[in-house]
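Here the structure comes first, spelled out in structure tokens, and everything after it is commentary.
The values are calculated or read from the model by the stated rules, or taken from the named source; none is laboratory data. Computed from a prediction, not measured in an experiment: that's the story for all the values here. No Cβ is skipped: glycine too gets one built from the backbone with ideal geometry, and neighbour counts run over all protein chains shown. These accessible areas exclude ligands, DNA and RNA; they are computed on the full protein's heavy atoms, side chains included. Shrake-Rupley method; radii C 1.70, N 1.55, O 1.52, S 1.80 Å.
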Amino acid sequence: MFESLIGLIAAAEIASAQVEVQEKADAYFAVANQTTVTYDVSYRGTILSDKGEFSRMTDEILADARGWKRAGIRFKRVDSGGRMHVILAEPKEVAAAAPTVCSDKLSCSVGSLVLINDDRWRGGSDSYNELGVSIERYRQMVLNHEVGHFLGHRHILTCETATGQAPVMLQQSTGLAGCEPNSWPLPSELWVRL
Ligand SMILES: [Zn+2]
């Protein structure tokens with residue numbers, strides 16, 4: 001009885017591992033095809049941050065050789081009608097975009113919307129500020145994290161084993177879980193599912 005239960009658990013684990021392998025295979029197929037993602041940049045509500053700086057940094061982060069580009073994505077800025085909408089938003093506008101998913105305390109990704117919370121963009125997070133990490137690194141992290149959701153990533157809960165770095169998909173704005181702050185996708189995160 002006990003052994004057959006273990007057998008069932010093992011079979012379930014193998015099945016779920018096979019699903020994961022297939023999902024990764026699909027993801028790498030997308031990467032091999034050098035997918036182009038068009039994006040536009042806009043603003044919602046009352047914005048206290050420097051809009052020009054947000055626009056410039058968004059372009060820089062998405063074009064950075066350390067970023068999602070390494071997963072085979074080519075980001076192309078368009079004036080409007082992009083596949084991905086990067087939006088700097090007043091906190092209440094972030095929450096209003098998807099009240100059951102997003103809050104006014106954090107940034108949030110919903111469908112094609114990558115909503116960066118104006119408060120967090122200006123002030124960073126306690127988790128980063130307590131360690132004296134620069135606002136620039138926080139901004140890189142938060143944009144890469146939310147774009148990662150758009151690319152099909154969910155949260156990761158633990159540090160990278162070898163280096164102790166936080167995966168970019170660890171929710172670093174709310175806590176580092178003992179990991180080193182990290183703004184860029186780790187090699188193990190370089191896949192997309194669009
Ligand atoms: Zn997240």
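Worth a mention:
- Test result for Val41, in contact with a Lys or Arg (Cβ under 8 Å, 6 or more places away or on another chain) and among the β-branched types (Val, Ile, Thr): yes
- Being within 23 Å of Gly45 (Cα to Cα), within 12 Å of the ligand (Cβ to nearest atom) and either in contact with a strand residue (DSSP E or B) (Cβ under 9 Å, 6 or more places away or on another chain) or part of a helix (DSSP H, G or I) (or both) is a property that Ser109 has.
- Matching residues, segment 144-170, being in contact with a strand residue (DSSP E or B) (Cβ under 9 Å, 6 or more places away or on another chain), small (Gly, Ala, Ser) and in a loop (DSSP other than H, G, I, E, B): Gly164, Ala166
- The condition of being touching an Asp or Glu at 6+ places or on another chain (Cβ under 7 Å) and acidic (Asp, Glu) holds for only one of Asp118, Asp104, that being Asp118.
- Count of segment 98-109 residues, restricted to those that are surrounded by fewer than 18 Cβ atoms within 10 Å (Cβ to Cβ) and in contact (Cβ under 8 Å) with a residue 12 or more places away in the chain, is 3.
- Residue within segment 134-143 that is open to solvent by less than 20 Å² (accessible area, probe 1.4 Å) and part of a loop (DSSP other than H, G, I, E, B) present: no
- Checking Lys76 against (1) within 17 Å of the chain's Cα centre (by Cα); (2) open to solvent by 10 Å² or more (accessible area, probe 1.4 Å); (3) under 27 Å from Arg193 (Cβ atoms); (4) away from the ligand (no atom under 16 Å from the Cβ), the condition it does not meet: (1)
- Of the residues in segment 123-132, at least one is in a helix (DSSP H, G or I), open to solvent by less than 30 Å² (accessible area, probe 1.4 Å), touching a Leu at 6+ places or on another chain (Cβ under 8 Å) and of a type in the set (S, T, N, Q).
- If the condition is being open to solvent by 20 Å² or more (accessible area, probe 1.4 Å) and in contact with a helix residue (DSSP H, G or I) (Cβ under 9 Å, 6 or more places away or on another chain), then segment 156-175 contributes Ile156, Glu160, Gln171, Ser173, Thr174, Gly175.
- Condition met for Ser103 (under 25 Å from Asp40 (Cβ atoms), among the hydroxyl-bearing types (Ser, Thr, Tyr), assigned by TED's automatic domain parsing to the domain that holds Lys69 and within 10 Å of the ligand (Cβ to nearest atom)): no
- Considering the conditions (1) in contact (Cβ under 8 Å) with a residue 12 or more places away in the chain; (2) closer than 21 Å to Asp50 by Cα; (3) not aromatic (Phe, Trp, Tyr), Gly82 is excluded by exactly one of them, (2).
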